[in-house]
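Okay, structure first, notes after.
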2 protein chains.
Amino acid sequence: MAARQQNRSSQGRRRASHSMESVLTEAVALLDEAGAPALTFRALAQRLGGGVASIYWYVANKDELLDLATDHVIGSILSDVEALPGGDDPVDDLRAIAVTLFDAIVARPWLGAYFMRNTNAQSNSLRLYEHLGAQTLRLDLTARQRFHAVSAIIGVVVGSAVDLGQEPPQEVLDGHLGRDEFLGRAAQAWRELDPADFPFVHGIVDEFDGHDDADQFRSALDLTLAGLRLQAGT
Amino acid sequence: MAARQQNRSSQGRRRASHSMESVLTEAVALLDEAGAPALTFRALAQRLGGGVASIYWYVANKDELLDLATDHVIGSILSDVEALPGGDDPVDDLRAIAVTLFDAIVARPWLGAYFMRNTNAQSNSLRLYEHLGAQTLRLDLTARQRFHAVSAIIGVVVGSAVDLGQEPPQEVLDGHLGRDEFLGRAAQAWRELDPADFPFVHGIVDEFDGHDDADQFRSALDLTLAGLRLQAGT
DNA sequence: AGTACGATAGAACACCGTTCGATGCTGTGC
DNA sequence: GCACAGCATCGAACGGTGTTCTATCGTACT
């Protein structure tokens, strides 16, 4: 009985049988390969070897598809976070979690735009949120300070991620122009500004040229964490 | 001679004559009234009383339209920033600028998604960037620290703005549900979680319920600025 | 007057999310 | 063994989007 569905690609070929898992997996694969604009119902259907309308049996609309796909990968990020060793210093643990988050977004730039979009549902986002917050319970803070601290850390991650998630302006996607070259070109434009009008920009253009996004994020995070440490009075 | 174009709505009526200014103004008006999805070439053309393709004479594509519209409003934000009094403490001045930015995004939620998308051009964004950076010149920091400090502050603003710019889930847009009511409902769901699994969430749910976004932003900003002050050694 | 050119516009194209109605497949009660 | 119910699937169509093509108008200059 029912010895068919375990081998869905043998001779059936007429109809495709999916599953929530496969839909989400392929959706994430599309997002990973070519970013948010690549995830269309038609492309996804073709990849699943089925029809367009079939996807709507698993998902109400595109927003829900995005939400579920996002939650799907946040699940694996959650695993990474839970695998973190954890040490004496809660602030260091907060930093480690935040860095893990950032790394995950670097690997999947499209995540930046949808990250933490749905804190409401019983999703993995909430568990991640709890993980961050748990560290603040080890600090001497008020409830409000804890709430704001976690929001601030997520804000730093998202803020850096948005900068990062921006699609490069077409030339680098085509491979005609490397990222460093693109940065260098912008830097050159900055150098040609009037130093009297733009003293600051002139002062940091060398830092901007060829800068590392991870460094930038780490610095922003450390500023926030330093402030937090001060607040906790340790 | 040429006593026509100053009164383009009298009897001409056949053809519409626009200008870069009017295109951008109406585009911003559409964004302000109903958010990003409301800005379509057809809606904009109708508003300008002209054809769809005419807009392409002023603008290469929608991305450029968004960039220019964004830069247009950033110009007025820049005026607000330049009107700021400015005091003894550079960090306080940084805070004032950041708060001005945040307020502008609160007034125009769609800005959050596009803010600081193009630091490359000779735009108003760059001037705003310079304004922020100018304050760091009054602090005892290295060039790299200054670069990272400004990035961090922008990151906090953008991070908070993204949270804020999220379209509410349809019910509140229809007016069927107030924002506070919506927050309260989510809070209630949090309260019903197992306190053993979610100690942090339970501890801050009262803070989350009916929280003020401005407070949240201010706290995140203050953490970063406290860290910066520590770094500058004042 | 004729012409070059800045500026406008309608129609069409390809693609998108979404819906509708019909159709195949599968397990269940007779 | 067979009709039936419902789960799952799909093709085709609809309305809407950004974008392009081509034709045209109006104005200023020679």
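The values are calculated or read from the model by the stated rules, or taken from the named source; none is laboratory data. Since this is a predicted model, take the numbers as computed values, not measurements. Using ideal geometry, Cβ is built from the backbone for each residue, glycine included, and neighbour counts are taken over all protein chains shown. In case anyone asks, the SASA skips ligands and DNA or RNA and just uses the protein heavy atoms, side chains included. Shrake-Rupley method; radii C 1.70, N 1.55, O 1.52, S 1.80 Å.
Here are A:Asp103, A:Asp63: which of them is away from every other protein chain (no Cβ under 13 Å) and of a type outside the set (A, V, I, L, M, F, W, C)?
Values: A:Asp63 fails: away from every other protein chain (no Cβ under 13 Å).
Among A:Asp103, A:Asp63, only A:Asp103 is away from every other protein chain (no Cβ under 13 Å) and of a type outside the set (A, V, I, L, M, F, W, C).
Return the residues of segment B:30-50 that are more than 11 Å from DNA strand C (Cβ to nearest atom), more than 19 Å from B:Val106 (Cβ to Cβ) and in a loop (DSSP other than H, G, I, E, B); say none if nothing qualifies.
B:Leu39, B:Thr40
Within the group A:Arg42, A:Arg108, A:Arg117, which residue is open to solvent by 10 Å² or more (accessible area, probe 1.4 Å) and within 14 Å of another protein chain (Cβ to nearest Cβ)?
A:Arg117
Determine whether A:Ala43 is of a type in the set (A, V, I, L, M, F, W, C) and at pLDDT 90 or above.
Working: of a type in the set (A, V, I, L, M, F, W, C): yes; at pLDDT 90 or above: yes.
So A:Ala43 fits the description; yes.
Only one of (1) open to solvent by less than 40 Å² (accessible area, probe 1.4 Å); (2) facing chain A (nearest Cβ under 9 Å); (3) under 27 Å from the mean Cα position of the chain (by Cα) is not met by B:Trp190, so which one is it?
Status for B:Trp190: all satisfied but (3).
Name the single residue, out of those in segment B:10-24 being within 14 Å of DNA strand C (Cβ to nearest atom) and hydroxyl-bearing (Ser, Thr, Tyr), that is modelled with the lowest pLDDT.
Going through the qualifying residues, I end up with B:Ser17.
Yes or no: A:Gly159 without any contact (Cβ under 8 Å) to a residue 60 or more places away in the chain, among the small types (Gly, Ala, Ser), within 8 Å of chain B (Cβ to nearest Cβ) and crowded, with 20+ Cβ neighbours inside 10 Å?
Against the criterion (without any contact (Cβ under 8 Å) to a residue 60 or more places away in the chain, among the small types (Gly, Ala, Ser), within 8 Å of chain B (Cβ to nearest Cβ) and crowded, with 20+ Cβ neighbours inside 10 Å), A:Gly159 does not qualify.
Inspect all residues belonging to segment A:220-233 and state whether any of them is open to solvent by less than 50 Å² (accessible area, probe 1.4 Å), under 28 Å from B:Leu132 (Cα atoms), more than 23 Å from the chain's Cα centre (by Cα) and not small (Gly, Ala, Ser).
Yes, segment A:220-233 contains a residue that is open to solvent by less than 50 Å² (accessible area, probe 1.4 Å), under 28 Å from B:Leu132 (Cα atoms), more than 23 Å from the chain's Cα centre (by Cα) and not small (Gly, Ala, Ser).
Looking at the structure I just gave you, is A:Asn7 open to solvent by 20 Å² or more (accessible area, probe 1.4 Å) and modelled with pLDDT of 95 or more? So that I can check it myself, show each step before the final result.
Values: open to solvent by 20 Å² or more (accessible area, probe 1.4 Å): yes; modelled with pLDDT of 95 or more: no.
The answer is no for A:Asn7.
Residues A:Pro90, A:Pro85, A:Pro37: which one is under 25 Å from A:Arg218 (Cβ atoms) and open to solvent by 40 Å² or more (accessible area, probe 1.4 Å)?
The unique qualifying residue is A:Pro85.
So B:Glu64 passes all but one of these: (1) within 27 Å of B:His131 (Cα to Cα); (2) in contact (Cβ under 8 Å) with a residue 12 or more places away in the chain. Which condition number does it fail?
Evaluating B:Glu64 over (1) within 27 Å of B:His131 (Cα to Cα); (2) in contact (Cβ under 8 Å) with a residue 12 or more places away in the chain leaves (2) as the failure.
Quick test for you: out of B:Ala220, B:Ala226, B:Ala196, pick the one residue that is at pLDDT 95 or above and in a loop (DSSP other than H, G, I, E, B). Quick ask: steps written out before the conclusion?
Values: B:Ala220 fails: in a loop (DSSP other than H, G, I, E, B); B:Ala226 fails: in a loop (DSSP other than H, G, I, E, B).
Only one candidate qualifies: B:Ala196.
Go through (1) within 16 Å of DNA strand C (Cβ to nearest atom); (2) in a helix (DSSP H, G or I) and name the single condition B:Ala53 misses.
Status for B:Ala53: all satisfied but (2).
Among the numbered criteria (1) small (Gly, Ala, Ser); (2) open to solvent by 50 Å² or more (accessible area, probe 1.4 Å); (3) closer than 24 Å to A:Asp215 by Cα, which one does B:Gly133 miss?
Just one mismatch for B:Gly133, condition (2).
Quick check: anything in segment B:162-184 surrounded by 18 or more Cβ atoms within 10 Å (Cβ to Cβ) and charged (D, E, K, R)?
Yes, segment B:162-184 contains at least one residue that is surrounded by 18 or more Cβ atoms within 10 Å (Cβ to Cβ) and charged (D, E, K, R).
Scanning segment A:45-81 for residues that are hydrophobic (A, V, I, L, M, F, W, C) and under 10 Å from A:Ala27 (Cα atoms), which turns out most open to solvent (accessible area, probe 1.4 Å)?
Going through the qualifying residues, I end up with A:Leu68.
Please specify each residue of segment B:199-233 satisfying the condition of being among the hydrophobic types (A, V, I, L, M, F, W, C), facing chain A (nearest Cβ under 7 Å) and without any contact (Cβ under 8 Å) to a residue 40 or more places away in the chain.
Within segment B:199-233, B:Phe200, B:Val201, B:Ile204, B:Phe208, B:Leu223, B:Ala226, B:Leu230 meet the criteria.
For segment B:66-79, give me each residue that is away from every other protein chain (no Cβ under 14 Å) and away from DNA strand C (no atom under 16 Å from the Cβ).
The answer is B:Ala69, B:Asp71, B:His72, B:Val73, B:Ile74, B:Gly75, B:Ser76, B:Ile77, B:Ser79.
From B:Asp67, B:Asp92, grab the single residue that is more than 16 Å from DNA strand D (Cβ to nearest atom) and in a helix (DSSP H, G or I).
Residue meeting the stated conditions: B:Asp92.
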